[in-house]
Amino acid sequence: MTKHEPATDEELLDAVGPAFGKLRRSSLLEVENPISQKDLGRTLVLNIVLEAEQGDGREITVGGVAEHLGVDPSVASRMVSDGISAGYLVRAASQQDGRRTILHLSPEGRDMMDRFRRHQRAAFEYVTADWSERDRLDFARLMLKYVDSQNALRQR
């Protein structure tokens, strides 16, 4: 047992929440092609738009961003405006309801997300470099299962 590993199952489960808070910050590790703090924040919105475009074809609005991130619509509006100003997002008319404005990734936004995905993988590989391949794959599988379960709860 390492000095940071909780001694009991209860302590282990209590340590999960704080560990999640540390995960986002750890993605700033100095790996090849680091992502700036500003662009790291932008990827929160870009990822929502990208997942919708790649998934079920949902149209993402500023309100959808606010709902997904659990923030006030004015906060989401500022985040989206920043993504547009940076050239990563574009606004478009909804094909389902012409009164609505939806969001799409620009080619620069797609490039940013490709770069971010490479950065995330490099950070994961760096952090887990001394893990066994089995532990790496088990952790990755369980993390994806956790995210899928969390998304299923959100959709209820």
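The values are calculated or read from the model by the stated rules, or taken from the named source; none is laboratory data. Not measured: the values here are computed from a predicted model. We place every Cβ from the backbone using ideal geometry, glycine too, and count neighbours over all the protein chains shown. The area values use the complete protein model at the heavy-atom level, side chains included, leaving out ligands, DNA and RNA. Shrake-Rupley method; radii C 1.70, N 1.55, O 1.52, S 1.80 Å.
In segment 53-72, the qualifying residues are those that are touching a residue at least 12 places away in the same chain (Cβ under 8 Å) and open to solvent by 50 Å² or more (accessible area, probe 1.4 Å), and the one that is farthest from the chain's Cα centre (by Cα) is E53. For segment 121-139, a residue qualifies if it is open to solvent by less than 60 Å² (accessible area, probe 1.4 Å) and over 15 Å from the mean Cα position of the chain (by Cα), and the qualifying residues are A122, T128, S132, R136, D138. Filter segment 73-120 down to the residues that are more than 18 Å from the chain's Cα centre (by Cα), of a type outside the set (G, A, S) and either crowded, with 19+ Cβ neighbours inside 10 Å or at positive phi (or both) and list them by number. Of everything in segment 73-120, just one residue is more than 18 Å from the chain's Cα centre (by Cα), of a type outside the set (G, A, S) and either crowded, with 19+ Cβ neighbours inside 10 Å or at positive phi (or both), namely I102. Contact map, segment 116-144: residues that are aliphatic (A, V, I, L, M) paired with residues that are assigned to a loop (DSSP other than H, G, I, E, B), Cβ distance under 8 Å, separation 6+ or inter-chain. Pairs shown: A122/V31; A122/E32; A122/N33; A123/S27; A123/L29; A123/V31; V127/L29.
Run down L23, L12 and say which single residue is open to solvent by 70 Å² or more (accessible area, probe 1.4 Å), closer than 21 Å to Q150 by Cα, modelled with pLDDT under 90 and under 13 Å from the mean Cα position of the chain (by Cα). Lay out the reasoning, then the answer.
Numbers: L12 fails: under 13 Å from the mean Cα position of the chain (by Cα).
Result of the check over L23, L12: L23.
Here is a check on your reading of the model: is H104 touching an Asp or Glu at 6+ places or on another chain (Cβ under 9 Å) and modelled with pLDDT of 90 or more?
It is true that H104 is touching an Asp or Glu at 6+ places or on another chain (Cβ under 9 Å) and modelled with pLDDT of 90 or more.
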